[in-house]
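**Q** Got a structure here, written out as structure tokens. Questions coming.
Coordinate-derived values only; no laboratory data. The shown structure was predicted, so the numbers you read here are calculated from the model rather than taken from an experiment. Glycine also receives a Cβ, built like all others from the backbone with ideal geometry; neighbour counts cover every protein chain displayed.
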Amino acid sequence: MEENSTKIRLFDKKNVRTSWNADEEEWYFSVVDVITVLTDSKNPTAYWRKLKQRLIAEGNETVTNCHGLKMPAADGKIRLTDCLNTEQLFRLIQSIPSPKAEPFKLWLAKLGSKRLDEIADPEKAIIRGADFYRAKGYTEGWINQRLQTIEMRKELTDEWKERGIEKEKDYAILTNEMTSLLWKLNHKESQTQRAVKINERI
């Protein structure tokens, strides 16, 4: 399974780490984060460990199909994290008594539906991206340039894949070259410039 970058989603003001698998067109969710949301446990890792042992003893297939994905932990380090897709989570939630179970199921369904809508209609993803940057306080000119850069990078990476470029290092080099041409500065300077703009607004 290809592991993509981790995205943090909020439910009830709590972080839920997620990862989108493009090949399967499935979201994967950190089980420990879901348990934190549903149980308010002070030690969700221990809660999951005990629940996992019980489910294994019962022959529950949800646990045996659990994926280990690399995700950033609270200490910033990348660690293997037990993750389940949406269907598997629905089954797991049945084993966790919680008044938040139904609202969380609706949240899962909405998240999955939104992503599938964006795959069917890419324009929706572009609109959502623009709204995100507006909420951050960026200007319309900056947003348009940013979205054009993202679209151009996608087209280029597709072309690079067709030409046999697969290594992350090669992608990083080519991305930096492209950023330099578009922004007239290297990627590191680009990040610094955006940070300065944010500080100025603050």
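**Q** Using the Cα centre as the reference, give the magnitude of the dipole from point charges on the C-beta atoms of region 13-106 (Lys, Arg: +1; Asp, Glu: -1; all else neutral), rounded to the nearest 20 debye. List each step's numbers first, then the result.
**A** Working: 14 positive and 12 negative charges, 123 e Å.
With Lys and Arg at +1 and Asp and Glu at -1, about 580 debye.
**Q** Hey, another quick one. How do 39, 18 line up, fewest other C-beta atoms within 10 Å first?
**A** Working: 39 16, 18 20.
In increasing order of surrounding Cβ atoms, one gets 39, 18.
**Q** Right, another one. Could you pull out the trypsin sites (Lys or Arg not before Pro) across region 1-102 that fall in loop regions by DSSP (anything but H, G, I, E, B) with no more than 14 other Cβ atoms inside 10 Å?
**A** Numbers: sites: 7, 9, 13, 14, 17, 42, 49, 50, 52, 54, 70, 77, 79, 91, 100; in loops: 13, 42, 77, 100.
Taking region 1-102 and a limit of 14 other Cβ atoms within 10 Å, the loop trypsin sites (Lys or Arg not before Pro) found are 13, 42, 77.
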